[in-house]
Amino acid sequence: MSRIGKNPITVPAGVTVDIKEGVVTVKGKLGELSQEFSDVTITMEDGVITFDRPSDHKDHRAKHGLYRALINNMVVGVSTGFTNELELVGVGYRASNQGQKLDLALGYSHNIVLEIADEVKVETISEKGKNPIVKLTSHDKQLLGQVTAKIRGFRKPEPYKGKGVKFVGEVLRRKAGKSA
């Protein structure tokens, strides 16, 4: 049995959930998201969403927990939203933004300019004596993760000095340098 799939989702006030013909649409104060589903029966009664599967087949068990997690992320996203913070560790690493354009200086011969989707709000924090921070906020967890991974992929943190783009609070596995 899927333990995640068995958990019901309580819908907070201000969020409307519409289930019809294989599509779930969730609307809230931060936006609107929709997700297609199959092989799972989704029902909503008195502000509680429950999930049932037709059999114990492997595909049905997998989708049972998957759709529950996806729809829970949609409900949380449109009501409270998600935030990721990236820290730029390295000498001369800088970040700035003009609207939805993020300008990153990551030690390459050129700056990286990234046009970020309108659903993701970007904010850069640069304080003297501290590493620059890029703060990304969105109601869509999947899109936020893709944008965050794209930015982090420009310069992943290396294990010797820890330079690169890392999450705020992330603990890196460090290696000792060569012993002379």
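The values are calculated or read from the model by the stated rules, or taken from the named source; none is laboratory data. The structure displayed is predicted, hence computed values, not measured ones. Positions of Cβ are backbone-derived with ideal geometry, glycine not excepted, and every protein chain shown enters the neighbour counts. Calculation scope for accessible area: heavy atoms of the full protein, side chains included, ligands and nucleic acids excluded. Shrake-Rupley method; radii C 1.70, N 1.55, O 1.52, S 1.80 Å.
Of all residues in region 152-175, those that are on the phi > 0 side of the Ramachandran plot have Cβ atoms under 6 Å from Cβ atoms of residues that are hydrophobic (A, V, I, L, M, F, W, C) and open to solvent by less than 70 Å² (accessible area, probe 1.4 Å), 6 or more apart or on another chain, in G162/V89; G162/L172. Within region 9-34, being surrounded by fewer than 16 Cβ atoms within 10 Å (Cβ to Cβ) and either free of Cβ contacts under 8 Å to residues at least 60 places away in the same chain or within 18 Å of H64 (Cα to Cα) (or both) holds for T10, A13, T16, D18, K20, E21, G22, V23, T25, K29, E32, S34.
Each row is one residue, and each column tells you yes or no for (1) at positive phi; (2) touching a helix residue (DSSP H, G or I) at 6+ places or on another chain (Cβ under 6 Å); (3) at pLDDT 95 or above.
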residue: V40; (1), (2), (3): no, yes, no
residue: K58; (1), (2), (3): no, no, no
residue: N73; (1), (2), (3): no, yes, yes
residue: K101; (1), (2), (3): no, no, yes
residue: Y108; (1), (2), (3): no, no, no
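Just so you know, in region 115-127 the residues that are within 10 Å of V147 (Cα to Cα) and either among the aromatic types (F, W, Y) or surrounded by 15 or more Cβ atoms within 10 Å (Cβ to Cβ) (or both) include one that is nearest to the chain's Cα centre (by Cα), and it is V120. Is region 44-56 home to any residue that is closer than 24 Å to T137 by Cα, among the basic types (K, R) and surrounded by 12 or more Cβ atoms within 10 Å (Cβ to Cβ)? Within region 44-56, none of the residues are closer than 24 Å to T137 by Cα, among the basic types (K, R) and surrounded by 12 or more Cβ atoms within 10 Å (Cβ to Cβ). Cβ-Cβ distances below 6 Å connect no pair with a first residue in region 50-77 that is free of Cβ contacts under 8 Å to residues at least 12 places away in the same chain, a second residue that is among the β-branched types (V, I, T) and in a helix (DSSP H, G or I), and a separation of six or more residues or different chains. When G65 is tested against the conditions (1) surrounded by 15 or more Cβ atoms within 10 Å (Cβ to Cβ); (2) small (G, A, S); (3) farther than 25 Å from L143 by Cα, the lone failure is (3).
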